[in-house]
1. Looking at (1) over 24 Å from ALA33 (Cα atoms); (2) modelled with pLDDT of 85 or more, which is the only condition LEU162 fails?
2. If you go through the range 534-548 one residue at a time, how many are surrounded by fewer than 16 Cβ atoms within 10 Å (Cβ to Cβ) and closer than 19 Å to LEU444 by Cα?
3. Give me a count of the residues in the range 38-78 that are among the small types (Gly, Ala, Ser) and under 20 Å from THR331 (Cβ atoms).
4. In the range 431-446, how many are assigned to a loop (DSSP other than H, G, I, E, B) and buried (at least 18 other Cβ atoms within 10 Å of the Cβ)?
5. What pairs can you find where one residue is in the range 218-231 and of a type outside the set (Asp, Glu), the other is part of a loop (DSSP other than H, G, I, E, B), and their Cβ atoms are less than 9 Å apart, with a gap of 6+ or different chains?
6. Failed condition for PRO454, given (1) surrounded by 19 or more Cβ atoms within 10 Å (Cβ to Cβ); (2) on the phi < 0 side of the Ramachandran plot, with all others met?
7. How many residues, within the range 381-399, are buried (at least 18 other Cβ atoms within 10 Å of the Cβ) and not aromatic (Phe, Trp, Tyr)?
8. Which of the residues belonging to the range 285-303 are loosely packed, with under 14 Cβ neighbours inside 10 Å and either at pLDDT 90 or above or not polar (S, T, N, Q) (or both)?
Amino acid sequence: MVRVLGQFWRLLGLSIGGTGGKLGIVLYAVVLALELSQILVSLRMIEWSKAFYDALQQIDAAEALTQLGIFAVIMVIAVTLTVGSNYVRRHLELRWRTTLTTAFMSRWLNSKAFLRLERERGKGSNTPLDNPDQRIAEDCRFFLAGPQGEHGGGSGIIPLSLDLITNVVAIFSYVAVLWGLSTFSLPLGFIGIDAEIPHYMVWAAFLYVALSTSLTHLLGRPLRRLYGEQQRREADFRFGLVRVRENAEPIALTGGEAAETRDLNGRFARLLDNGRRLIGRETRLMSFTYPYRYTVLRIPTFLALPAFFAGSVTFGGLMQLASAFSQVVTTLSWFIFSYRPLADLVAASSRLDAFLDATGEAPIFAGGPERTPSNDGALALSKIEVFTPDGAALLGIDALKLKTGEAIWLSGASGLGKTTLIKTIAGVWPHAKGLIGQPSGNALFLPQQAYFPPGMLTEIVAYPHAPETFPLAGRIAALQAVGLGDRLESDGNAEGRGLGLSGGEQQRLALARLLLLRPDWAFLDEATSALDAAAEASLLALLRRELPNTGFVIVAHRKPQGIGALTIVELSVASPAPSPSLEPALA
């Protein structure tokens, strides 16, 4: 329980701490005030019950009509309070969801945490963080508000906490009313005991709820684990569907439909398997809570019948007692009625808390080469050794220096680790050692398969900067320079990385970024492999002409043509044993 409350507090702290989050406290107070006002309405309804049913018993039509008018006024007030409370609460949920989601996206993207988590998942880590996208998109909302579309209550921390506070306050009011109404005692002579229980309706309410709560917890205890597992398997299945959509063309070309069907069927079968266990446990719990929910409105009438038959209360008094008892029992039964939403909430908060622990506040990557500012403005590599995650040697560089405006071709056999070396220089591969002299200025890394976010060509060419950072004319000129001018006519919002472009056109688009962004250092990792030799030479000559002061590091299987003066570096395998300091490669 302490751990769960700690998770709640940690997540609420992120919700409140962001920009605009503190205003949510004011909105929460407003909602709470509206919720507490509804207690007064409930108390007035208890009084109304006696007056109305006494009028019926006395066949007083005028008084009955008066009470119907009072009932209409009470309902108008109740509806106004409920609608107003829901309106403000929904805005509160949106505000806190904004701050919580922003905090989670920041932790996921900052320091390249998303890359480290994906690598750990790919390695089969003992504690992989599955589906971080689901945790950010769905669990943040679920934690605060509950399932999509719930109104007037839900599984989130906001509606549940409001209900809890309101019920704690209400119970004192309702018990006081019930105590004042149940002035009669229950004789125990029918079981052979010469004694009476004063105010027995109050004690019966507490005993009834205590026994029911214990049984509810016994039946529903496994739900938290099952809900958490179901969320994970739903996300796994959805991820499989998205993967097929994003790789539609290569799957179709290789005839992989049957293999993908097997994979998706397996994911869905695992989802169904846990779903069946969840249904069984929910059925056991519902077999108790459902009749409990509907008998709680009738039992008080049965318990008060001895006093009614003894003439201690009128018919109106009997209905008033039943109403007060029902309010007490319903309020005390908050845990019973909220058990399933609470299990949902705890499962979601546990997943979010695991996300926070996995991303952490510490630097994402530990290890890797030592980095120092370059003394002469050149990129300098010294005693660099690159390894696989399990410590196997890849390649090594004794000394290498690249000055501004120079170009280097890194040559070597396939599988040697040339791409991994580029990742090491970029700072996203920690399994390496040595020294890197880091020059000032900005760098741009172009992989063989560049990433293209959704958008238009004139927007994508500016990535990772905002398109408006560059004039539209400049963006168009960069696209035209690499031969994509004829694609501007079909420029439109296009989801996915293909954008309808061929492999060569995608690489032309990536090179257009170089022309537009004009980096001080450019790292091309097979960035022209889909182009023919003539097109490659033409584009490299264009880059050299337009970016005379840019230093180029090129990884390619064939010697780059058109780039001008070129230093060729033949890479070789590193020493066979990694440094002991390499062991904790990932933080």
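The values are calculated or read from the model by the stated rules, or taken from the named source; none is laboratory data. Everything quoted here is computed from the prediction, not taken from an experiment. Cβ atoms come from the backbone with ideal geometry, glycine included; neighbour counts cover every protein chain shown.
1. Only one criterion is unmet by LEU162, namely (1).
2. Total satisfying the criteria: 4.
3. The initial filter retains those residues of the range 38-78 that are among the small types (Gly, Ala, Ser), namely 42, 49, 51, 55, 61-62, 64, 69, 72, 78.
Adding the requirement that they be under 20 Å from THR331 (Cβ atoms) leaves 42, 49, 78.
Matching residues across the range 38-78 total 3.
4. The number of residues fulfilling the criteria is 2.
5. Within 9 Å, the pairs are GLN231/ASN131.
6. (1)
7. In the first step, residues of the range 381-399 are kept if they are buried (at least 18 other Cβ atoms within 10 Å of the Cβ); the result is 381, 384-387, 394-397.
Narrowing further to those that are not aromatic (Phe, Trp, Tyr): 381, 384-386, 394-397.
Number satisfying all stated conditions: 8.
8. Within the range 285-303, the first condition is being loosely packed, with under 14 Cβ neighbours inside 10 Å, and the residues that meet it are 287, 290-291, 294-295, 298, 302.
Those that are loosely packed, with under 14 Cβ neighbours inside 10 Å and either at pLDDT 90 or above or not polar (S, T, N, Q) (or both): TYR290, PRO291, TYR294, ARG298, PHE302.
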